[in-house]
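Beneath this line is the structure, given in structure tokens, with notes to follow.
Here, each number is a calculation from the coordinates, and none is a lab measurement. Values in this document were obtained by computation on a predicted structure and should not be read as measured data. Here Cβ is always computed from backbone atoms with ideal geometry, including for glycine, and neighbour counts include all displayed protein chains.
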């Protein structure tokens, strides 16, 4: 069944949940963060963390999740991993690392504010926000979309852009979520292809195409068009009525960390109220259901998040990529 963000809050039992203090880790020394956050967000996250933990020096490496993972895996194979903490795009990647016994569980992490099912139940990785994928449209579009089915309408023929799951982890999660929840399943993507939808690259290319008028509709992560609309771009974002997919930008500790106490303190900060308020200030939907959404977003209880199983998606990743490629790149 679809779950609204408000329903997640109710499931968490927020009204009755006690406010528990996070453990006081011996927070000092140095920490290396590997992250796929945008550069300014990564620096802002580190600055806010260090304001609470001034005795911890933090350096970071920033790149897209595929490149971050390639670097990390090369270091692991060489027996010389540099990262202490990972903050990357998606839970499927984290499930792969968990499967490979690379992560360190943070068993004392306080999840009392969060609903069940949002984080890894064994506490190897933790969601820090919800980045949903919905529909962006240009103000010159012939109609305002409200449904995923609208992208297959004749008026949208040849005017739809979408990121490719072959290039974007978030796009792969989105594809798996839609095909697992929409009535037409993979048939929906066959309809998109028949309607001339362009599937290539990542979310940034979709925004550029729609904002520039080359395309008038697109599938895209929420914060990009919402930020650009606030700057005056001729775009708007829609949360389709059937529901949206979501990546959670999870954080995890490497088993090989040289400073586990500082790493736990970093995770605790991101899960804390101040860490979640930082996520909102950066323009994202906080994972904590009690923290207000940023300006430009609708009420939390109007956003339906479609169910997604990261472990199942990991097991079927190769098949899903192949099936998408067979439709869009025959």
Over 35 Å, how big is the tail of the calculated P(r) for the chain, in percent of all Cα pairs?
20
For residue 146 and residue 107, calculate 0.36 nm times their separation in residues minus their Cα-Cα distance, and state this gained length in nm to one decimal.
9.9 nm
Determine the percent antiparallel among the DSSP beta bridges restricted to the chain, to the nearest 5.
60
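Give me 132, 40 sorted ascending by neighbouring Cβ count inside 10 Å, so fewest comes first. Kindly include the intermediate steps, with their values, before the conclusion.
Details: 132 26, 40 9.
Sorted ascending by nearby Cβ count, the order is 40, 132.
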Tilt of helix 65-77 relative to the longest C-alpha principal axis of the chain, in degrees (0 to 90, nearest 10)?
40
Within a 10 angstrom radius of the beta carbon, how do 317, 107 rank from fewest other beta carbons to most?
107, 317
If we count other beta carbons within 10 Å of each Cβ, what is the order of 69, 219, fewest first?
69, 219
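Quote to one decimal, in nm, the extra length available between residue 122 and residue 74 on full extension: 0.36 nm per residue of separation minus the C-alpha distance between them.
Computed gain between residue 122 and residue 74 is 14.7 nm.
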Specify the angular offset, from 0 to 90 degrees and rounded to the nearest 10, of the alpha carbon long axis of helix 260-271 from the longest principal axis of the alpha carbons in the chain.
40
Add -39500 (n - 2.57) for each DSSP H run of 4 or more in the chain, then divide by its residues: what number comes out at 222 nm, to the nearest 500 deg cm²/dmol?
-11000 deg cm²/dmol
Order of 250-259, 225-234 by packing, highest average Cβ count within 10 Å first?
250-259, 225-234
Run the simple label-point estimate for residue 274 and residue 190 please: 7 Å along Cα→C-beta, distance reported in nm.
5.5
For residue 326 and residue 52, extending 7 Å from Cα along the Cα-Cβ vector and measuring point to point gives, in nm, a value of 4.8
Mind checking the angle between helix 317-328 and the chain's longest principal axis? C-alpha axes, 0 to 90 degrees, to the nearest 10.
20
Residue 200 label point, 7 Å along Cα→Cβ, cut-off 15 Å on backbone N: hits in segment 294-330?
328-330
